[in-house]
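Chemist: Sending over a structure as structure tokens; questions will come in a sec.
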Amino acid sequence: MKKYIALDLVLTPSKKHIEELVSINQQLLDTTLKLERTHTVPHISISMCRVEANRIDQLISKLEDYLGILDLSELSSLRIKSLYQHNKNTIGWNLELNKSLTGLHHSVCALMKNYHFSEREEHQNDDFCVIHKDMPFSGVSYLNQFFVDYAYENYQPHITIGQGKLENKFQKIGEKITFDRVSLYHMGTGCTCEKELWSMDIDNNY
């Protein structure tokens, strides 16, 4: 039987903003999602896929070669555009979709889609790194349908903060978040970023 790995290529916030996001998450008393600094890391997804385990090194090599020649400096700071809401009580921030992020999303999706397997059943989650007990199968259908329902013209970059309601002081519309890395993570259920497999500084050559 083939083994698969659920992957998420993401923008990772700077340490300052990771600390802020973890702090806000901890103040959502009823949240199922518990953000952390080194696992279940807050992030913006660029693209995701489910890849055969024996092809992951090839995919990482291609991502490294491609991303290593790009000027990603326009991704180092993105403005919070609006509040994000998903499935009634999952909340966060929508971020601006500038030309640089749009181009990166489309090009990386074209690459990662070639590796994607989209035929997992609803209760098959062994491709995830961590099975969160409160959301053990959350993310299976999302990952299956990513390139159909959530990518390309449907892409909306966002950071998920947790479940609950954001107080006014945390809404921060118009403020900017800084990012310092593009990272590839082994995903946990709930589409969380759990184990970093590869990372590159945004200011790689510039």
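The values are calculated or read from the model by the stated rules, or taken from the named source; none is laboratory data. As the structure is a computational prediction, the values presented were derived from the model and not from experiment. Note that we place each Cβ from the backbone using ideal geometry, even for glycine, and neighbour counts take in every protein chain shown. Ligands, DNA and RNA are stripped out before the accessible areas are found, and what is left, the full protein with its side chains, is counted by its heavy atoms. Shrake-Rupley method; radii C 1.70, N 1.55, O 1.52, S 1.80 Å.
Chemist: Of the candidates K16, K99, K169, which one comes out as most mobile in a Gaussian network treatment of the chain with C-alpha springs shorter than 10 Å?
Modeler: K169
Chemist: Which of the GluC sites (Glu not before Pro) found in the stretch 49-102 are in a DSSP loop and have at most 15 neighbouring Cβ atoms, other than their own, within 10 Å?
Modeler: Here the sparse-neighbourhood loop sites are E96.
Chemist: Relative to the compact globular guide of 2.2 N^0.38 Å, what is the alpha carbon radius of gyration of the chain, as a ratio?
Modeler: Its radius of gyration relative to the 2.2 N^0.38 Å reference: 0.97.
Chemist: Still on this structure, I have one more. Which one, F147, F170, F128, has the greatest fluctuation when you compute a Gaussian network model over the chain with C-alpha springs under 10 angstrom?
Modeler: Among F147, F170, F128, the largest GNM mean-square fluctuation belongs to F170.
Chemist: Could you report the stretch 4-201's accessible area per residue, 1.4 Å probe, as an integer in Å²?
Modeler: 47 Å²
Chemist: Accessible surface of L166 in the full protein assembly, 1.4 angstrom probe, to the nearest 10 Å²?
Modeler: 20 Å²
Chemist: Another question, if that's okay. Of the candidates R181, R37, R50, which one comes out as most mobile in a Gaussian network treatment of the chain with C-alpha springs shorter than 10 Å?
Modeler: It is R37.
Chemist: Using only the C-alpha atoms of the stretch 32-151, find the volume of their convex hull and express it per residue in Å³.
Modeler: Measuring per residue, one finds 138 Å³ for the Cα hull of the stretch 32-151.
Chemist: Also, I was wondering about something else. Just the accessible area for Y66, please: 1.4 Å probe, Å², rounded to the nearest 10?
Modeler: The accessible area of Y66 comes to roughly 80 Å².
Chemist: Can you list the aspartates and glutamates whose alpha carbon is less than 20 Å from that of K99, not counting same-chain residues fewer than 8 positions off?
Modeler: D71, E74, E153, E175, D180, D201, D203
Chemist: Once amide H atoms are built 1.01 Å from N in the peptide plane, which residues 5 or more positions from K195, or in another chain, come under 5 Å H to H?
Modeler: H186
Chemist: Carbon and sulfur together cover what percent of the accessible area of the chain at a 1.4 Å probe radius?
Modeler: 47 percent
Chemist: Given a 1.4 Å probe and heavy atoms of the protein chains only, how would you sort V148, V41, largest accessible area at the top?
Modeler: V148, V41
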